[in-house]
1. Against the conditions (1) under 20 Å from residue 186 (Cα atoms); (2) at pLDDT below 90; (3) assigned to a helix (DSSP H, G or I), where does residue 159 fall short? Just the number, please.
2. Picking from 204, 185, which residue would you name as being within 54 Å of the chain's Cα centre (by Cα), among the hydroxyl-bearing types (Ser, Thr, Tyr) and either surrounded by fewer than 14 Cβ atoms within 10 Å (Cβ to Cβ) or outside the structural domain of residue 85 (by TED's automatic domain parsing) (or both)?
3. If residue 282 satisfies all but one of (1) of a type in the set (Lys, Arg); (2) within 56 Å of the chain's Cα centre (by Cα); (3) in the same structural domain as residue 431 (by TED's automatic domain parsing), what's the number of the condition it fails?
4. Does residue 544 qualify as being within 60 Å of the chain's Cα centre (by Cα) and modelled with pLDDT of 80 or more?
5. Name the residue that is surrounded by the most Cβ atoms within 10 Å (Cβ to Cβ), counting only residues in the stretch 209-260 that are of a type in the set (Asp, Glu) and closer than 19 Å to residue 522 by Cα.
6. Might you check whether a residue that is over 30 Å from residue 463 (Cα atoms), surrounded by 11 or more Cβ atoms within 10 Å (Cβ to Cβ) and either in contact with a strand residue (DSSP E or B) (Cβ under 9 Å, 6 or more places away or on another chain) or free of Cβ contacts under 8 Å to residues at least 24 places away in the same chain (or both) occurs anywhere in the stretch 271-286?
7. Which condition from (1) charged (D, E, K, R); (2) closer than 24 Å to residue 484 by Cα; (3) in the same structural domain as residue 491 (by TED's automatic domain parsing) is the one that residue 313 breaks?
8. So how many residues does the stretch 114-137 have that are buried (at least 19 other Cβ atoms within 10 Å of the Cβ) and modelled with pLDDT under 85?
Amino acid sequence: MSRRQTLAPLSPSQSNVVKGGNSAAPGRCGKDAALSVKGRKSVAPGMLGAGGMSGITLEGRPSIVTKTTGPKQDPRPLSSKDYQNYCIKTLIHYFTTHGFSYPVSPKTLASPTGKDFTAIVTFLIQQLDPATRVQGKVEDEFPVFLKRLNYPYQVSKSALFAVGAPHSWPAVLGALTWVVEALEYKEKGNSSQGGNHVEEMMDYVGEGYHCFMLCNDARCQELDRQFAEKFHKEEAERGARYEELRKENEQLEEELAQLRSLPDPVDLATEQNREQTVICEKLELLVQQDQALNQAALRKLSEKKMDVQTKQEQIAAAEAEVEKLRHSVASQPVSKADVNRILLERKKLEELVATEAAQCEEMERANHEMEMQAEFCNLDLKGVVKPNLERLRDTYLTRAKQLHQDLTALQEACSARTESTAEKKQEIAALQAENVKLEAQLQATKDFYDEKCRKLTAQADRIKALIEESCSEAVNRTEHMESQISRAQMLYEQVKREGEGELAKLEADYKRAFHLMATHKEFVAGTISRTVATVRQVKGEIAELHSISMMA
């Protein structure tokens, strides 16, 4: 009796997976069969299994395009220096991030030695399977290694024996870069999150079918329970994750609404800047006014200085005139002793004049008496005595009058000089007092305006620093708020996309799972009905054979 065949036709996915004979678990066998190698054995046994490079197909499919007669041309610009630098950077980055202990540098990879090439190839082969050890020459093993990885281009052994030569190294460098990129794709595929639900479903269906064929109903129920628990657990986790994302989204929306409800910091900063600008303009106007007042005070001060200088010149001229007068008085022959002497002489002359006047009166009386007597005595008094007396009297009167005039002139000159000296001294004292007063007033005015200018300058500097600080704070706050809003928006969009993607993926997985379960259910129902019909037919045939044997 021939081997039992399946009772139902395979699905397209199962028929694509299964190549070769039939199996009770086509899903698992299909995965293992996809990694089988036709021809020679693997360079690294077991390196392409579960722990190896499951994403790289070693067998390959027959090409749809008709093969050409010559080797396939490499479209990459291997001779370009830029492309070679890119390949060198790719290799160094991979070696650095994967713990390659052999020292390599751009200079080394630009023209490597045979020892460098051996270390690199050995490291790449062990990245696929750490248990692999290169037994033969690397020049012989590397082409086989590339062929088993389905490297689409040919690398000659002559190029590997002269690996550092300028004409052969670019092709080998391109092959090494291709291997490194394939390893990086494998790592990315193994580290992808979320799992392959279709593959898990196929494993479930395959194992369930295997248990059904073995009539192991307990295992089938256990698989159903595990599969349902797993999906319910994932559904709960995704629901919790979706709820968390929804809450985070609501919080972000509330925060975004609060941020949008706040006054615009740019407007606030602009208003503050405008107010500070008005204050600065007022301060500048005050500074200009103070500068104008300061200039006016300086002009007034210069005028006062000129007045003081003029007064000082007048004082100097008056002092010079006083000194001249003093010198003139000192140089005059009449001194104070002379004045006193003149006064004494004047007094004596006055006394003399009084005496002479008294004598004159007496003489006049005597003359009168004598005239009276002459009249009586007939003396010639009028012609002889009287003219002589008159001449003597005139002489004394003239001398007394001249001395009196000289004394009066000297007294007037002395009093005038004394009065002029006193006036000059008073004027000098007044000018000196006014000069001191003006200097004190000038110093006070100067100190006041200097202090006021210093205060205004310090106030202007503080206001300027405050304005700059406010502007910088407003700019920083604006940038911070914009960055927060942009991050919140990006996070919201990212969470929204992730949530929608997970929901869509979950719905698609559920649809595929339900579709596969429905298909499997129909398949199982059809199989059971066909089995029942076959059993009935066999029972009928057995009954007929039994009746025939009984009749015989």
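1. Residue 159 satisfies every listed condition except (1).
2. Details: 204 fails: within 54 Å of the chain's Cα centre (by Cα).
Answer to the selection: 185.
3. Result: residue 282 fails condition (3) only.
4. no
5. Within the stretch 209-260, the first condition is being of a type in the set (Asp, Glu), and the residues that meet it are 217, 222, 224, 229, 234-235, 237, 243-244, 248, 250, 253-255.
Narrowing the set further to residues that are closer than 19 Å to residue 522 by Cα leaves 217, 224.
Working: 217: 10, 224: 13.
My answer is 224.
6. no
7. (2)
8. Selection size over the stretch 114-137: 3.
The values are calculated or read from the model by the stated rules, or taken from the named source; none is laboratory data. Since we're looking at a predicted model, the values are computed, not measured. All Cβ positions, even for glycine, are placed from backbone atoms using ideal geometry, and neighbour counts span all protein chains on display.
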